[in-house]
Amino acid sequence: MKRMMLCALIGATGVTLTACKAPFNDTPDFVQGDIQQTSYDGITDDLLTAGLGATGLGSTPAPAFADPLNPTAAELRRLAIYNNYRALVDTSPGGGYGTFFGPQVGNGGEGLIPGDEYIAFMTVPGSDVPVTVMAQVPDSFDPDRPCMVTAPSSGSRGIYGAIGTAGEWGLKKGCAVVYTDKGTGTGAHNLATNTAQRIDGTLSSTEEAVQFRADLTDEERAAFDSNWPDRFAWKHAHSKANPEADWGRHVLQSIEFGFYVLNEKFGRELGNGKTLLTIKPKNTLVIASSVSNGGGSSVRAAEQDEQGLIDGIAVSEPNVNPEVDRSFTIRQGEAPVITEHSRSLLDYTTALAVFQGCANQAPAIREVAPLNAAFNPTAIGENICNSLANKGLVTGATLDDWAADALRILNEEFGVQPEQNLLAPVHFGLAVAQSISMTYANAYGRAGVEDRVCGLSLAATDTAGAVTQLAPAAEAALFSASNGIPPSAGVNIVYDNAAGQPTNLAASASPSSSQLDYGLDALLCLRSLVQGTDAVTGADLEGPQAELASAIAGGIADVRATGDLQGKPAVFVTGRADAILPINHTSRPYFGLNQRVEGKKSNLRYYEILNAHHLDVLNGFPGIADRYVPLHHYYFQALDLVWEHLTEKQPLPPSQVVRTVPRGAITNPLTEANLPAINLSPEEGDRIVFADNQLQIPE
């Protein structure tokens, strides 16, 4: 039996054996297949910018392929780095790029970083679904002062999903950076052609190792394609693995992979085919990091770290689903006390998917929310309100009444902060809640593509919304262009049960209404699976729907975080206006849970940034740039604070609200006056405190 599996069995007994601690100079048992290694000179190509440099990353158009139908692995990597960097970092003029952050800041020139890149597939015990792992070792790495930063991908992104966040900070610091796609990533399986992506993004229709293929026999796949032609299976949604349950283990394994790579590169040869272990947890500073889903993954890794691999944590807007502990409450200023915190991601996201389209029409936000009109056709919003009203899910006599009630439901019943209201419409227009609802319902329920949960599938669609084949050039670029959670890169969510014919969800008419209402019946079906009861009638679910709802509930339970960081120094930064991961269900209750679990032993600090939100890339648009500042800047501050605490024993500032100053217009470049630093001695009125079983947040 492999060492890892044996140690897992021994660990279950509560006994720890020295032999079960990873040696880090043997290829880890979890690595599947070969490890691919590539060196980059920092002139023609590099680790951070793929040879584009800071100017190339900040410029348009995107790098092109010489042959759009047959891109090389190097071309796919370059475009993947370009797209993933720009998806998370605002590179527009005046938004902080090149001044407060960017490859060139503190690095000189164009910011190219030479070094070695190692990439492989791995698995976790109990699953055979490939997970991608990668280690980047810059030439500036000092084996006498080794350091490592974890960079699990944000969202459902692929292996380069954290290149511009944890990747940039770690590489510029001279640390090895270890990445994992966390079992998500592109992993797109074309069920019509059997084509999927290899580890480097190139396409394969043979049975060689690829990122993901659906668990179907050739006969089953052909039958499915006959009934539902031109569909795709997607790794995060359809792997039947609930990868989120293992995100912490993925990060811990990536650290072990990093130690193995470092010892292969810098260890002393013993002459018997072995390498002397010279870089190990005891002498290596390891910071668990990343943003959003990647940040949540690193938090889970710290909770599960039984080998002492992690020294500190610095994360931004982490997607954590804390265990529900209603023994404490949350209160912001003099606002009503929040008791119903810690809802699961799928709970509040399906609520946003159902109600936000109508809430966008509320007088309080209709004309004020930036890009609302551009991203949300008024007619569809009105139809959603009509459908909700006809089903008795919103009250009132007029459109304004219904929309105001939908907004009330989100703010009062689901704990969505009013600060998030202005950004929620653009997220609905980008199908954020809709895509998360579809993907995570499948993942938590361990459903396969053949299950078509709530009548939803994935395919390319034409301008009328009808299913069509994905263009070959678009499929060739999926590794580089997709964010791993459709709608993305030409693949959309299709409502197979839409009135008339299978149609792009955004252009669907529900059977119950026959009006274009964003396939509300499908979204209500997803909401019902979370509730365990019919979202319209309140009746208990029956048969397969009840079984799937139970499976989803179990999947949600599997991803709950304990709040126990084992006393490790940790920093969370989160924007108060986060409209994707509402703070009353993520960072705030996790901090409160941690205080309950660890008490005086806690070393977690929580910094809530005013006028900051989840997707900094939106700050490049007028109306949004006017109101919001880059949370990315404070994420880098968090990493700096944890680094200084670990290396120089500098104290971590107390938990606090950081009062930023919006720039007022996109033409006004950000300055230090807009971005005050996290304060080592904040005013009493800015301190976040946990007292008398209440998390108290200043207004």
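The values are calculated or read from the model by the stated rules, or taken from the named source; none is laboratory data. These numbers were taken from a predicted model, which means no experiment stands behind them. Cβ sites come from the backbone with ideal geometry, for glycine too, and all protein chains shown count toward neighbours. Each accessible area value is taken on the protein alone, full model and side chains, heavy atoms only, with ligands, DNA and RNA left out. Shrake-Rupley method; radii C 1.70, N 1.55, O 1.52, S 1.80 Å.
Quick look at the values:
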quantity: 10 Å-binned pair-distance histogram of the range 372-413 (Cα, whole percent); calculated: 31, 53, 16
quantity: Cα Rg over Rh - the range 41-153, Kirkwood; calculated: 1.00
quantity: Environment charge of residue 261, counting only residues whose C-beta is closer than 14 Å and scoring Lys/Arg +1, Asp/Glu -1; calculated: -4
quantity: Label-reachable residues, the range 176-203, where backbone N falls under 19 Å from a point 7 Å from residue 27's Cα toward its Cβ; calculated: 199-200
quantity: Theoretical FRET efficiency, 1/(1+(r/R0)^6), r = Cβ-Cβ of residue 533 and residue 99, R0 56 Å, to 0.05; calculated: 0.60
quantity: Protection-proxy order for peptides 177-187, 197-207, 559-569, each taking the mean of Cβ atoms within 10 Å per residue, highest first; calculated: 177-187, 559-569, 197-207
quantity: Residue 218 paired with residue 325, simple spin-label distance in nm, labels 7 Å along Cα-to-beta-carbon; calculated: 5.5
quantity: For the chain, alpha-carbon Rg relative to the globular expectation (2.2 N^0.38 Å, N residues); calculated: 0.91
quantity: Order by protection proxy (mean Cβ within 10 Å, highest first), peptides 646-657, 155-166; calculated: 155-166, 646-657
quantity: Per-bin percent of Cα-Cα distances, the range 199-338 [5 Å]; calculated: 2, 7, 11, 12, 12, 12, 12, 11, 8, 6, 4, 2, 0, 0
quantity: Separation in nanometres of the label points that stand 7 Å from Cα toward Cβ, at residue 60 and residue 557; calculated: 4.8
quantity: Among beta bridges that DSSP assigns inside the chain, antiparallel share in %, nearest 5; calculated: 60
quantity: Rh (Kirkwood; distinct C-alpha pairs) - the range 558-678, Å; calculated: 15.4
quantity: Normalised convex hull volume, the range 591-647, alpha-carbon set, Å³ per residue; calculated: 90
quantity: Solvent-accessible area, 1.4 Å probe, carbon plus sulfur percent, for the chain; calculated: 51
quantity: Net lengthening on full extension, residue 413/residue 364 (0.36 nm per residue, minus Cα-Cα); calculated: 15.9 nm
quantity: The chain - mean residue ellipticity at 222 nm from DSSP helices (-39,500 (n - 2.57) per run, n ≥ 4, rounded to 500); calculated: -9000 deg cm²/dmol
quantity: Convex hull (Cα only) mean projected area of the range 494-562, reported in nm² to one decimal; calculated: 5.6
quantity: Cα pair distances in the range 148-253, grouped into 5 Å bins until the bin that holds the longest one, percent each; calculated: 2, 13, 19, 19, 16, 12, 8, 5, 3, 1, 0
quantity: Separation of the residue 683 and residue 649 label points, Cα + 7 Å toward Cβ, nm; calculated: 3.3
quantity: Efficiency of FRET from Cβ geometry, residue 668 and residue 44, R₀ 30 Å, rounded to 0.05; calculated: 0.20
quantity: Three-way shape call for the range 452-598 based on the alpha-carbon gyration tensor, with the a/c threshold at 1.5; calculated: oblate
quantity: Fraction of alpha-carbon pairs over 24 Å apart in the range 311-400 - percent; calculated: 45
